[in-house]
1. For residues that are among the hydrophobic types (A, V, I, L, M, F, W, C) and outside any strand (DSSP E or B), scanning just the stretch 26-43, find the one that is farthest from ligand 1 (Cβ to nearest atom).
2. Of these, Thr61, Thr46, Thr12, which one is within 16 Å of ligand 2 (Cβ to nearest atom), assigned by TED's automatic domain parsing to the domain that holds Ser165 and not in a loop (DSSP other than H, G, I, E, B)?
3. Check off (1) touching a residue at least 24 places away in the same chain (Cβ under 8 Å); (2) within 15 Å of Tyr82 (Cβ to Cβ); (3) hydrophobic (A, V, I, L, M, F, W, C) for Ile113 and give me the number that stays unchecked.
4. Please go through the stretch 126-138 and pick out each residue that is in contact with a helix residue (DSSP H, G or I) (Cβ under 7 Å, 6 or more places away or on another chain) and open to solvent by 20 Å² or more (accessible area, probe 1.4 Å).
5. Out of (1) touching a Phe, Trp or Tyr at 6+ places or on another chain (Cβ under 7 Å); (2) open to solvent by 10 Å² or more (accessible area, probe 1.4 Å), the odd one out for Phe195 is which?
6. Here's a check for you: in the stretch 139-159, which residue that is modelled with pLDDT under 90 and surrounded by fewer than 21 Cβ atoms within 10 Å (Cβ to Cβ) is farthest from ligand 1 (Cβ to nearest atom)?
7. Quick one: how many residues across the stretch 179-201 are more than 15 Å from the chain's Cα centre (by Cα) and of a type in the set (A, V, I, L, M)?
8. Regarding the stretch 160-178, can at least one residue be identified that is at pLDDT 90 or above, within 16 Å of ligand 2 (Cβ to nearest atom) and not in a loop (DSSP other than H, G, I, E, B)?
Amino acid sequence: MPTNAIEVENLTKRFGSFTAVDHINFEVKQGEIFGFLGANGAGKSTTIRMLCALLQSSEGTARVGGNDINGAPERVKENIGYMSQKFSLYEDLTVEENINFYGRVYGLTYWDIQKRKEWVLQIANLRGREKSITGTLSGGWKQRLALGCAVLHRPKIVFLDEPTSGVDPMMRRRFWELINDLSAEGVTVLVTTHFLEEAEYCNDIILINAGKIVAGGSPKELKHNYIKNPILEVSSDNVIEAMARIEKEPWAIETSVFGTHLHVSVEDEIFARARIREILAANNIQCSQLDRITPSLEDVFIYLLDQETKKSAA
Ligand SMILES: Nc1ncnc2c1ncn2[C@@H]1O[C@H](COP(=O)(O)OP(=O)(O)O)[C@@H](O)[C@H]1O
Ligand SMILES: [Mg+2]
């Protein structure tokens, strides 16, 4: 068994004259949770479909579980699980019928399907709902059923394409527990998301923008490598006004709003603290808290995407 579950080399996809995925390279280690991050249209789904041997690459290649996506597409497909962005479940079938259907698609025997069905019902917490029509289930239930169906045949590598979009935050957290359980069993999980805070749950991450990889590493490495300046968090009931005042200052390197907080990246913490207090007081903007914080991955990604925008504007 190779040490890397996935090895991607110059993988490229062009649709006519448009390049959706542009010479990307990365490796995914066996058993890890690998996050594939990027905004809508960045090229995540196109990459996944090439890695699942569902879409031919225009250039470059990849090995998935040791099999080349161009040379041995059928071997690739047999050894992976894939949960597409649209959850590919049959809405008019019952929960049980969907499981049976996917079991047959993967070529499992009747008895294997029975055993795996019990497992899916348990992990997806769907016991008692076997006869429910899938279309009547809420997003969170469908999502877990879709994951269960994608791993019925015990693949060693699974691709999850935006599994948490359209699912409420509570269910999203539970879904990540499920992903952790799979990883603990040695399954390699490549997951895409546009919820940046979910990247914190991954062992390694890459960030893709307009088909190109912008950065990669563990969450810790990314924070360490890209965020060198102190970040101050300003809590205020009027963050918009606070931001408008602060971002004009030459010492405020970067400002961004996170709900009722403002993150300000600065050169000199002591100086900036004093100036922020002065500016807010002078403008009658209440400030309930002012703290230096550990950067989040969102700070890192905002910084990186900002750099990209500046580059393409130049
Ligand atoms: N079959 C296709 N034909 C033409 N353009 C496509 C096709 N599939 C995707 N694209 C384009 O490629 C880009 C990347 O899409 P996609 O991989 O779906 O992004 P993501 O999953 O990151 O949101 C988008 O601009 C999208 O419109
Ligand atoms: Mg997509």
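The values are calculated or read from the model by the stated rules, or taken from the named source; none is laboratory data. Values in this document were obtained by computation on a predicted structure and should not be read as measured data. Cβ placement follows ideal geometry from the backbone for every residue including glycine, while neighbour counts extend to all protein chains displayed. Just so you know, the surface numbers come from the protein's heavy atoms only, side chains and all, with ligands and any DNA or RNA stripped out. Shrake-Rupley method; radii C 1.70, N 1.55, O 1.52, S 1.80 Å.
1. Ala39
2. After applying the criteria, what remains is Thr46.
3. (2)
4. Answer for the stretch 126-138, where residues must be in contact with a helix residue (DSSP H, G or I) (Cβ under 7 Å, 6 or more places away or on another chain) and open to solvent by 20 Å² or more (accessible area, probe 1.4 Å): Arg127, Arg129, Glu130, Lys131, Ser132.
5. Among (1) touching a Phe, Trp or Tyr at 6+ places or on another chain (Cβ under 7 Å); (2) open to solvent by 10 Å² or more (accessible area, probe 1.4 Å), the lone unmet condition for Phe195 is (1).
6. Trp141
7. 3
8. yes
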